[in-house]
1. Could you pull out every residue, at least 5 positions away or on a different chain, whose amide H is within less than 5 Å of the one on Leu46? Hs are placed 1.01 Å off N in the peptide plane, and Pro or chain starts have none.
2. Can you list which of the GluC sites (Glu not before Pro) found in the range 139-227 are DSSP loop residues with at most 11 other C-beta atoms within 10 Å?
3. Heavy atoms only, 1.4 Å probe, whole protein assembly: order His169, His49 by accessible area, highest first.
4. Two decimals is fine: what's Rg over Rh for the range 184-224, C-alpha atoms, Kirkwood radius as Rh?
5. Only loop residues by DSSP count here, and only those with at most 11 other Cβ atoms within 10 Å; note down the trypsin sites (Lys or Arg not before Pro) in the range 161-206 that meet that.
6. What distance in nm separates the two pseudo spin-label positions at Ala148 and Arg195, each 7 Å out from Cα along the beta-carbon direction?
7. So how strong a dipole does the range 57-202 carry about its Cα centre when Lys and Arg Cβ are +1 and Asp and Glu Cβ are -1, to the nearest 20 debye?
8. Which Rg and Dmax, in Å, describe the Cα atoms of the range 93-293?
Amino acid sequence: MEEQKATANGRFHTPLEQRIPLPKVAPAASLALPGDAIYAPEQNTLRGHGIFWTPSDESKVLRATLAGTVERINKLVTIRSWRGRYVPNVGDVVVGRIAQVLPASRRWKVDIQARQDAVLTLFAIRLPGAVQRRRTREDELNMRAFYAETDLIAAEVQEIKADGSIMLHTRLEDKFGRLSQFGVFVSVPPGLIRRTGRAFASLGYPHLWVVLGVNGYIWIYWNPEETDRAGAVADEAEPTSTSLLTTGDAEALCRARNAVLVLSMLSLNVSIESIRYVFAAGAVTDPAAMLEPRFLQAMQKMLGE
């Protein structure tokens, strides 16, 4: 009676094994919950962050202590938490928001959902027209003409210094830079994003593109001029006009945004393929109905198989 009363008041919960069946052994590179068994067939497997082993388990079975994605690097097995901050790696493509402009030090501070703001220097940007020249005093005074506060940019992690500073750059490819197209911004936990080589892609709908930042920031945009490649417009370009945006196109943009939210609400991996799948599944329903329990349950059943 006391246990039932405590549970009704929300102070305690019944044991996990009494509410849901214990999970099966999870393979590597999958999602895991605390207590899930992870199969590690290699000898001398190294237990990393979020991993432990108990004497009652077999020698090749590890246990998760966090909710997140199982990652393996050679013999090292770790858990990347879903709800933790973004941990950058060199070469990651990220979507960031300009948090501060510092002309005196020739740099911008960029919010990338990490433990600290990243740094983008004036020497690490791509000048309008891809001009190759030295940065001048005039460039310092006109830094806000390149990127101003609250601007969204696509960038690549160039270096992580010994003190933890995250250095970005936007100079190597024309797809990096200001994201000035007409679109919507979506934020999801970084642990749900898979590290793949594809950050810029079409969603299978005409002129509808996505920039998938590894840091959990996603930009879904409409660009009628974008036909055979994905990416950001050049720094000097103006935002795309919405005069060609029909009602159906606006609904498609909303449906793509809700597809990302569906994956985040279900704690499923967010990738180009999974966004396309949910986006296509929602084509027969109203965009607002995609966030209702009926659609969420259907997606959980289909994507969980």
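1. Under 5 Å from the amide H of Leu46 lie the amide H atoms of Leu76, Val77, each far enough along the sequence or on another chain.
2. Glu225
3. So the residues, ranked largest to smallest area, are His49, His169.
4. 0.98
5. Taking the range 161-206 and a limit of 11 other Cβ atoms within 10 Å, the loop trypsin sites (Lys or Arg not before Pro) found are Lys161.
6. Using points 7 Å along Cα→Cβ, the separation is 3.6 nm.
7. The calculated dipole for the range 57-202 is roughly 180 debye.
8. 17.4, 56
The values are calculated or read from the model by the stated rules, or taken from the named source; none is laboratory data. The model shown is predicted, which means the values in this text are computed figures rather than measured ones. Every residue, glycine as well, gets a Cβ built from its backbone with ideal geometry; the counts of neighbours run over all protein chains shown. Quick note on the areas: whole protein, heavy atoms, side chains included, nothing else; ligands and nucleic acids left out. Shrake-Rupley method; radii C 1.70, N 1.55, O 1.52, S 1.80 Å.
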